[in-house]
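Beneath this line is the structure, given in structure tokens, with notes to follow.
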Amino acid sequence: MSLVIVETLVDYPLTPEQLTATDLQVLACLDERQAAWRYSLLSSDRHRMLCIFEAPDAESVREAYRKGGGGFKQIWAAELILPDGRQPQRDPGILKIFEGTFPGGFTEAEWDEANRHVLPCYAEHGVEWVQSYVSSDRTRVVCELNSPDAEIIRTTHRKFDIPCDRVWSATVITPQE
């Protein structure tokens, strides 16, 4: 199974707590394709959401969304990257999402070099890296961070000339057990 990220960006507030007929249809189509929803990250303004799935591949999720009538901005396969050592837990009060696009992609060595600079700077300012998702072509990165302030993240990325598309506060939505 692969990890697949679905990006949604809309002009109206998203209300994932109240499933619509379209949501139910998309979920049924995902189930038909053996895709399982792990969790979602919803922006505080409710206009952006990232949904993380386990699925056979990104195309299965794309087909399910199209067949079910669900909207999306982008769907991509991802690799989960965790910090070495202790796995930090998300802090719901200060969870921030960093998104970056790297048009030419990046190598593992470039990732390691960036982290060699960024992580100590984060730590100095009370930012804790929880986990990241990197696209299979290594052109997209989504990082979950515990941070008292989004501007600390933006400033750190500017300081080291690392692309930063956006940083936003997030709420985690998980499947009802």
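The values are calculated or read from the model by the stated rules, or taken from the named source; none is laboratory data. Quick caveat: nothing in here was measured; it's all calculated off a predicted structure. Backbone-built Cβ (ideal geometry, glycine too); neighbour counts: all protein chains shown. Heads up: the accessible areas ignore ligands, DNA and RNA and are worked out on the full protein's heavy atoms, side chains in. Shrake-Rupley method; radii C 1.70, N 1.55, O 1.52, S 1.80 Å.
Data overview
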item	result
Computed lengthening from Phe160 to Glu79, 0.36 nm per intervening residue step minus Cα-Cα distance	26.8 nm
Net lengthening on full extension, Glu54/Gln131 (0.36 nm per residue, minus Cα-Cα)	26.1 nm
From phi via Karplus (6.51, -1.76, 1.60), per-residue ³J(HN,Hα) for the stretch 105-112 in Hz, x at Gly/Pro	x, 9, 8, 4, 5, 5, 4, 4
Ellipticity estimate at 222 nm from DSSP helix runs (n ≥ 4, -39,500 (n - 2.57)) divided over the chain, nearest 500	-9000 deg cm²/dmol
Listed candidates (1) 0.97; (2) 1.02; (3) 1.05 - label of the one calculated as Rg/Rh (Cα atoms, Kirkwood Rh)	(1)
From phi via Karplus (6.51, -1.76, 1.60), per-residue ³J(HN,Hα) for the stretch 96-102 in Hz, x at Gly/Pro	10, 10, 9, 10, x, 10, 10
Gain on full stretching of the segment that runs from Cys121 to Glu32 - 0.36 nm per residue minus C-alpha separation	27.6 nm
Phi-based couplings in Hz for the stretch 54-67 (Karplus 6.51, -1.76, 1.60; Gly and Pro marked x)	9, 8, x, 5, 5, 5, 4, 5, 4, 4, 4, 5, 5, 5
Accessible area per residue in Å² at 1.4 Å probe, computed on the stretch 22-101	49
Cα pair distances of the stretch 47-108 binned at 10 Å [whole percent]	14, 38, 37, 11, 0
Förster radius 35 Å - calculated FRET efficiency between Thr101 and Gln25 (Cβ-Cβ, nearest 0.05)	0.70
